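What follows is calculated from the coordinates using simple rules that are stated; it is not laboratory data. Quick caveat: nothing in here was measured; it's all calculated off a predicted structure. Glycine gets a Cβ as well: all are built from the backbone with ideal geometry, and neighbour counts include every protein chain shown.
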Amino acid sequence: MEMNAQYLPAASDRAGAKVMMFISGVALGYAVATLLAPKSGREIRSSLGEFAKSKGDSVSGAVRSAVGAARDATRNVSRRVADAMDEGREKAGDAVASAAAKVASASRGAE
């Protein structure tokens, strides 16, 4: 059975999933280790709060960076498409002008 490439997940999708699984594993491991450590409830809550804040800041920064990269890539693609369309319009205009000139010269030669 043949599989079309369009239905296969992109490599970046798989990498993103692996990174998220790793981050989830680290967070879960930290939470379990903290809960099993001989500390008071206040110390555990404080430690978990600090961990969540630091990781939240890291993830937030990574998301901002990814959004910025996606925005830049979108602008780049938009510019390339606009340039290709302009070039296509110019070539089409030149082809139409050339064809019109040939028709005009052929009609003059037929007279």
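Side notes on the structure shown:
- Simple spin-label estimate for ALA101 and GLU50 in nanometres, 7 Å along Cα-Cβ: 7.8 nm
- Dipole magnitude for the range 56-111: about 60 debye, using +1 per Lys or Arg Cβ and -1 per Asp or Glu Cβ, origin at the Cα centre.
- Each residue, PHE22 and ASP83, gets one label point 7 Å from its Cα in the Cβ direction; the gap between the two is 3.4 nm.
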